[in-house]
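See structure below.
The values are calculated or read from the model by the stated rules, or taken from the named source; none is laboratory data. Small disclaimer: the values here were computed from a predicted structure and weren't measured. Positions of Cβ are generated from backbone atoms using ideal geometry, with glycine treated the same way; all protein chains shown enter the neighbour counts. Note: accessible area is taken over every heavy atom of the protein model, side chains too, but ligands, DNA and RNA are not part of it. Shrake-Rupley method; radii C 1.70, N 1.55, O 1.52, S 1.80 Å.
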Amino acid sequence: MGNLIATRPPQPWTAPTASDPVAATLRLPGSKSMTARALLLSALAGGPSTLAGPLRARDTELMAAGLRAMGAHVSISDDERWLVRPHPLVGPAHVDVGLAGTVMRFVPPVAGLAEGRITLDGDPQARTRPLGPLIGALRSLGVRVDAPATGSLPLTVLGAGRVAGGEVVIDASASSQLVSGLLLAAPRFDRGVVVRHVGPPVPSAPHLRMTVQMLRAAGAAVDDGTPDVWVVEPGPLTGRGWQIEPDLSGAVPFFAAALVTGGEVTLQGWPRSSAQPVEQLRSLLQRMGGEVTLSTGGLTVRGTGAVHGLTADLSDVSELTPALTALAMLADSPSVFTGVGHIRGHETDRLTALAREFTALGADITESPDGLEIRPRPLHGGVFETYHDHRMAHAAAVAGLAVPGVELSDVACTSKTMPEFPALWSAMVTGKS
């Protein structure tokens with residue numbers, strides 16, 4: 001099990017309880033995953049790029065700051081349009097990764113392309129997140145990396161201004177970000193890269209597809225036709241305009257609110273063709289009792305007055321596990337979620353944290369090595385520890401819709417991906433903007 005670190009600020013935030021069906025039309029911030037990838041690809045491009053509708057949150061600001069520290073010009077003063085102008089990457093520089101998996105796994109390969117010493121470290125919990133396979137892969141590709149024997153932060157990349165590249169074998173079963181980090185920088189490697197995954201299945205496959213799709217959009221030649229093998233040819237990346245989609249993972253608690261309350265929530269600005277796993281989410285919400293439609297007005301979820309349990313492999317959409325767990329707590333039948341053992345290595349050990357906190361509210365929930373079993377029964381209020389984890393806060397907020405007195409120990413942790421979450425959530429539940 002992962003390391004659970006809990007701190008309790010003096011004033012918990014009480015999740016609002018819904019007295020009526022919610023009815024909301026929202027424009028949520030941009031996708032964290034797309035924003036992070038667009039920033040990095042733009043910093044490696046041959047000309048300037050813009051990001052329209054980016055996510056301004058702690059994780060993406062840390063990515064911008066890290067690239068800026070290495071020499072890229074990154075302007076994020078305009079909330080709606082960020083500008084990136086690439087420059088030669090140089091050290092010495094220090095990159096604060098915070099608790100962001102994207103920063104700690106995407107920046108080291110880029111740091112290898114810099115001329116000089118690049119150090120990376122972050123929050124105390126960040127030192128428990130798995131980096132060993134990436135460190136080993138970088139060393140095999142010719143990058144000098146100093147890191148603890150534990151294969152974790154803090155680490156130092158002694159950049160030589162170039163990376164030889166070539167073929168590498170990696171066990172990426174802990175996180176798809178271990179592969180994405182290598183692929184995103186690979187066009188700038190002398191020989192590109194061939195990444196072969198060996199081990200249990202790579203989780204969060206849609207995120208890998210997003211990486212490949214965005215690399216191709218920036219002009220890279222990528223072959224992902226062979227299972228568990230990715231080939232990126234060396235070559236220039238093109239500066240371009242990136243249109244960032246609304247964040248699907250951030251939208252899930254709001255969609256869950258439609259099911260819990262029998263209401264309706266529309267997320268505006270949703271594209272017809274998405275880089276995110278919309279179809280998987282649509283299927284899950286429909287099986288749990290929702291109606292999901294996509295129109296010119298946006299992506300809409302309607303509750304039907306009932307929430308159903310389900311058995312589901314969530315390996316492709318593991319970020320949704322906390323919010324779906326809260327939804328399953330309020331269902332009319334049991335649920336079994338599998339395929340998410342790797343989320344024990346996220347911001348906290350999410351499986352243990354979910355089981356512990358919902359049990360404290362009266363739930364009947366059991367951990368398995370790679371998932372959770374949930375048998376719904378009446379819950380009661382109480383303090384719900386968030387463990388500095390935005391997704392844990394989302395789960396508590398969903399439960400609080402139907403359970404009075406659920407107090408989040410630290411709602412401010414939602415600033416990791418959505419600083420406006422408390423205000424948006426309260427406005428949706430109360431009907432007052």
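Matching residues to (1) modelled with pLDDT under 95; (2) not aromatic (Phe, Trp, Tyr):
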{"position": "Met214", "(1), (2)": "no, yes"}
{"position": "Ala220", "(1), (2)": "no, yes"}
{"position": "Val231", "(1), (2)": "no, yes"}
{"position": "Pro236", "(1), (2)": "no, yes"}
{"position": "Ala251", "(1), (2)": "yes, yes"}
{"position": "Ala258", "(1), (2)": "no, yes"}
{"position": "Glu264", "(1), (2)": "no, yes"}
{"position": "Trp270", "(1), (2)": "yes, no"}
{"position": "Leu285", "(1), (2)": "no, yes"}
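Restricting attention to segment 208-263, which residues are part of a strand (DSSP E or B) and open to solvent by 30 Å² or more (accessible area, probe 1.4 Å)?
The initial filter retains those residues of segment 208-263 that are part of a strand (DSSP E or B), namely 222-223, 229-232, 241-243, 246.
Listed by number, the residues that qualify are Asp223, Val231, Gly241, Gln243.
Do the conditions hold for Ser180, that is, is it among the polar types (S, T, N, Q) and open to solvent by 10 Å² or more (accessible area, probe 1.4 Å)?
no
To keep it simple, each residue is scored yes or no on (1) touching a residue at least 12 places away in the same chain (Cβ under 8 Å); (2) closer than 25 Å to Gly298 by Cα.
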{"position": "Val202", "(1), (2)": "yes, no"}
{"position": "Met214", "(1), (2)": "yes, yes"}
{"position": "Asp223", "(1), (2)": "no, no"}
{"position": "Gly235", "(1), (2)": "yes, no"}
{"position": "Ile244", "(1), (2)": "yes, yes"}
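Taken together, the residues in segment 120-154 that are within 22 Å of the chain's Cα centre (by Cα) and open to solvent by less than 60 Å² (accessible area, probe 1.4 Å) amount to 17. Would you please name the residue that is surrounded by the most Cβ atoms within 10 Å (Cβ to Cβ), looking only at residues in segment 276-333 that are assigned to a strand (DSSP E or B) and of a type in the set (S, T, N, Q)? That would be Thr300. Contact map, segment 60-80: first residue more than 13 Å from Thr102 (Cβ to Cβ), second residue open to solvent by 40 Å² or more (accessible area, probe 1.4 Å) and part of a loop (DSSP other than H, G, I, E, B), Cβ cut-off under 8 Å, separation 6 or more or different chains; pairs are Gly71/His87; Gly71/Pro88; Ala72/His87; His73/His87; Ile76/Arg56; Asp79/Arg56.
Look at Ala186 and say whether it is over 20 Å from Gly345 (Cβ atoms) and surrounded by 24 or more Cβ atoms within 10 Å (Cβ to Cβ). The answer is yes for Ala186.
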